[in-house]
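The numbers here are math on the coordinates, done by the rules we state, and not lab data. Everything quoted here is computed from the prediction, not taken from an experiment. Every residue, glycine among them, receives a Cβ derived from its backbone with ideal geometry; neighbour counts consider all protein chains shown.
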Amino acid sequence: MKFGPVLTCPASQTDYLLPGAAAYFGFFTQELIPAMEAQYSIDPAKRSLVGYSDSGVFVVLARFMENPKHRYFSGVLASDGAFWFDPSGDSALEGQYYAQSHALPARPVGKSP
């Protein structure tokens, strides 16, 4: 199985949490993804976004920031997201997303013990 490039961010940078998550998401979708797709043979239908802890929070925020009619990521996985950090921000984005689509793109597959 062939995997594409894996990107990580230093733990000391928190631009991917609110309020910086919107700008970070814009960077991903408007700059990074187009640059990577221009350089590598990437199937846009198979893009996935995976995050753990703080970046797990970003994964969920990114899902809610996506246009429901044009998703950038076909799959997302938030593992042990640090939702305790700012629980109010993701609720607001969730409400906005639901208002646009009347559906929530989530299927929980497990929970922390």
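Using the Cβ atoms and a cut-off under 14 Å, what net charge is assigned to the surroundings of HIS70, where Lys and Arg are +1 and Asp and Glu are -1? The partial results should precede the final answer.
On the way: positive: ARG47, ARG63, LYS69, ARG71; negative: GLU66.
Value of the local net charge: +3.
Measure off 7 Å from each Cα along the Cα-to-Cβ vector at ASP54 and ALA92, then give the distance between these two points in nanometres to one decimal.
2.0
So who's got an amide H within less than 5 Å of the one on ARG47, skipping anything under 5 residues away but keeping other chains? H placed 1.01 Å off N, in plane.
SER74
Given the peptides 67-75, 22-30, arrange them by the average over their residues of other C-beta atoms within 10 Å, most packed first. Provide the component values of the computation, followed by the final result.
Details: 67-75: 12.8, 22-30: 15.3.
By packing density, highest mean first, the sequence is 22-30, 67-75.
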